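The values are calculated or read from the model by the stated rules, or taken from the named source; none is laboratory data. Keep in mind that what you see is a predicted model, and the values were worked out from it rather than measured. Neighbour counts are summed over all protein chains in view; Cβ atoms, including those assigned to glycine, are modelled from backbone coordinates with ideal geometry. Note: areas computed on protein heavy atoms with side chains; ligands, DNA, RNA excluded. Shrake-Rupley method; radii C 1.70, N 1.55, O 1.52, S 1.80 Å.
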Amino acid sequence: IFRRLVYSILVSNKDDHLKNTAAFWDGQQFTLTPAFDIAPQSRMQVNSNQFPAITRDGQKASQLRLCRMVAADFGLAPDEAEAIIAEVIDGIRTHWDEVCDRALLTKAERESMMGREFLNPYAFADEA
């Protein structure tokens, strides 16, 4: 679930509510279902917020710093959280062209979305 939170922030999926998270039950354990209903939102402004809030005190900024703040709530040590964040960033960068090809995006669409909806600099900002 932490990985999904990080991913939602990095792809500007601001509607990552609890009904978009489900699990399979095999009679012994739960496993997360594949992610669904991911809808990157157009970003015309610098800042952005998630829904629902990320932290227990209601902070919603679409920033990785908040993921780091709540990593322990997901049972993660700081180094584990950093590894997940790095994997998600790398995954987006590594598969960007392939995904854009499959979605039949033009060069202009790809260029306008990367750095805006996807991997937006605000997600990496450290300030509150």
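For the reader, a short list of remarks on this structure follows.
- Cα gyration tensor shape of the chain, rounded if a/c is under 1.5, else prolate or oblate by comparing a/b with b/c: oblate
- GNM result for the chain, Cα springs below 10 Å: residue of ARG110, ARG65, ARG102 fluctuating most strongly: ARG102
- Shape category assigned to region 72-128 from the gyration tensor of Cα positions, a/c cut at 1.5: oblate
- Dipole of the chain, positive end: most advanced residue of TYR7, MET113, SER42 [Cβ charges, Cα centre]: SER42
- Ranked packing of 48-60, 27-39, most packed first, by mean Cβ within 10 Å: 48-60, 27-39
- Charge dipole of the chain (Cα centre as origin; +1 on each Lys and Arg Cβ, -1 on each Asp and Glu Cβ, all else neutral): 360 debye, rounded to the nearest 20.
- Over the chain, DSSP H runs of length four or greater, each weighted -39,500 (n - 2.57), average out per residue to a 222 nm ellipticity of -11500 deg cm²/dmol.
- Within the accessible area of the chain (1.4 Å probe), percent carbon and sulfur: 56
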